[in-house]
Amino acid sequence: MNAHERRRLAALRTDRETVLAAAVRLRHEAVQAHYAGLARPEMAFGLASVLELLAMRIADQPPDVRAHVVRVAREMTGDGMDRPSVRRTRRR
């Protein structure tokens with residue numbers, strides 16, 4: 001396996017974990033009776049199930065769909081990686 005393939009697989013794994021984390025958070029909020037802004041807990045559990053399905057098949061998604069799902073999942077978990085207002089630099 002070459003370096004490019006390892007990076008691709010690592011990116012897919014990270015995306016999958018991000019989307020799964022959003023599903024876990026959504027379920028947790030549904031159990032805590034917050035429902036993540038949704039009207040009923042059934043909606044939160046249903047959306048969490050959809051996120052899990054997307055996470056399991058993340059490699060099969062078109063790149064633009066995958067990027068959108070991951071962006072939404074990051075917003076749901078509070079991850080600031082996609083915020084353009086946050087400046088990130090690589091330290092050496």
Exercise. For M56, what is the net charge nearby, where nearby means another residue's Cβ is under 15 Å from its Cβ and Lys, Arg count +1, Asp, Glu -1?
Worked result: 0
Problem set entry | Net charge of Cβ neighbours under 14 Å - reference R25; Lys, Arg +1; Asp, Glu -1 | -3
Seminar exercise, completed: The correct ranking of T18, T77 by accessible area at 1.4 Å, largest first, is T77, T18
Exercise. Counting Lys and Arg as +1 and Asp and Glu as -1, each charge on the Cβ, what is the dipole of segment 1-76 about the Cα centre in debye, to the nearest 20?
Worked result: 220
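Can you give the net charge of the other residues whose Cβ lies under 13 Å from the Cβ of A11, counting K and R as +1 and D and E as -1?
+3
The values are calculated or read from the model by the stated rules, or taken from the named source; none is laboratory data. Please read these numbers as outputs of a predicted model, since none were measured by experiment. With ideal geometry, Cβ positions are generated from the backbone for all residues, glycine too; neighbour counts draw on all protein chains shown. Heads up: the accessible areas ignore ligands, DNA and RNA and are worked out on the full protein's heavy atoms, side chains in. Shrake-Rupley method; radii C 1.70, N 1.55, O 1.52, S 1.80 Å.
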